[in-house]
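Below is one structure, written out as C-alpha cells, with a few remarks after it.
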Amino acid sequence: MAQLAARHYPLWLVRGLRIALFTALIALSAKVRIELNTTVPITGQTLMIFLTGMALGPVEGALSVIAYVAAIAGGMPL
C-alpha cells in the first residue's frame with residue numbers, strides 16, 4: 001500500500017480524474033429533488049455546481065460542468 005501512495009502520477013491524469021469525478025457527482029446530485037409547493041423543484045445540482053467550483057477552481061470546475069452539459073447534449077439519460 002505504501003508503494004502505491006509513493007507513486008507519482010502525471011498531472012494531466014490527476015486533473016482528468018478530478019474533472020470526471022465531479023462530473024459524475026453533478027449527475028448524481030441532479031437526482032436529489034426537494035418538492036415544495038412551487039412549480040420548480042429544488043435539486044442538489046445547484047449545490048454541487050458551487051462545490052465543484054470551490055473544490056476545483058474556475059478552469060477545472062468549468063470543464064467539469066461543460067463535460068456534464070456535453071454528456072446531456074450527447075444523448076446520455078441524465
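The values are calculated or read from the model by the stated rules, or taken from the named source; none is laboratory data. Everything numeric here is computed off the predicted structure, so don't read it as measured data. Reconstructed Cβ throughout: ideal geometry from the backbone, glycine too, with neighbour counts over all protein chains shown. With ligands, DNA and RNA removed, areas are computed over all heavy atoms of the protein, side chains included. Shrake-Rupley method; radii C 1.70, N 1.55, O 1.52, S 1.80 Å.
Does segment 17-27 hold any residues that are closer than 18 Å to Leu78 by Cα and either touching a residue at least 12 places away in the same chain (Cβ under 8 Å) or not aliphatic (A, V, I, L, M) (or both), and which are they?
Once the filter is applied, which keeps residues that are closer than 18 Å to Leu78 by Cα and either touching a residue at least 12 places away in the same chain (Cβ under 8 Å) or not aliphatic (A, V, I, L, M) (or both), segment 17-27 yields Ile19, Ala20, Phe22, Thr23, Leu25, Ile26, Ala27.
Just checking, which of Val40, Val59 is loosely packed, with under 13 Cβ neighbours inside 10 Å, under 20 Å from Leu13 (Cα atoms), free of Cβ contacts under 8 Å to residues at least 24 places away in the same chain and of a type outside the set (Asp, Glu)?
None of the others qualify; the one that does is Val59.
Tell me which of these Leu78 doesn't satisfy, since it passes every other one: (1) over 16 Å from the mean Cα position of the chain (by Cα); (2) not in a helix (DSSP H, G or I).
Against the list (1) over 16 Å from the mean Cα position of the chain (by Cα); (2) not in a helix (DSSP H, G or I), Leu78 comes up short only on (1).
Right, Arg7: without any contact (Cβ under 8 Å) to a residue 60 or more places away in the chain, of a type in the set (Lys, Arg), open to solvent by 70 Å² or more (accessible area, probe 1.4 Å) and in contact with a Leu (Cβ under 9 Å, 6 or more places away or on another chain) or not?
Spelling it out, it is not the case that Arg7 is without any contact (Cβ under 8 Å) to a residue 60 or more places away in the chain, of a type in the set (Lys, Arg), open to solvent by 70 Å² or more (accessible area, probe 1.4 Å) and in contact with a Leu (Cβ under 9 Å, 6 or more places away or on another chain).
Do we have any residue at all in segment 4-16 that's modelled with pLDDT under 90, in contact with a Lys or Arg (Cβ under 9 Å, 6 or more places away or on another chain) and either assigned to a loop (DSSP other than H, G, I, E, B) or more than 20 Å from Met76 (Cα to Cα) (or both)?
No: zero hits.
For segment 60-67, state whether one or more residues are out of contact with any helix residue (DSSP H, G or I) (no Cβ under 7 Å at 6 or more places or on another chain) and modelled with pLDDT of 95 or more.
yes
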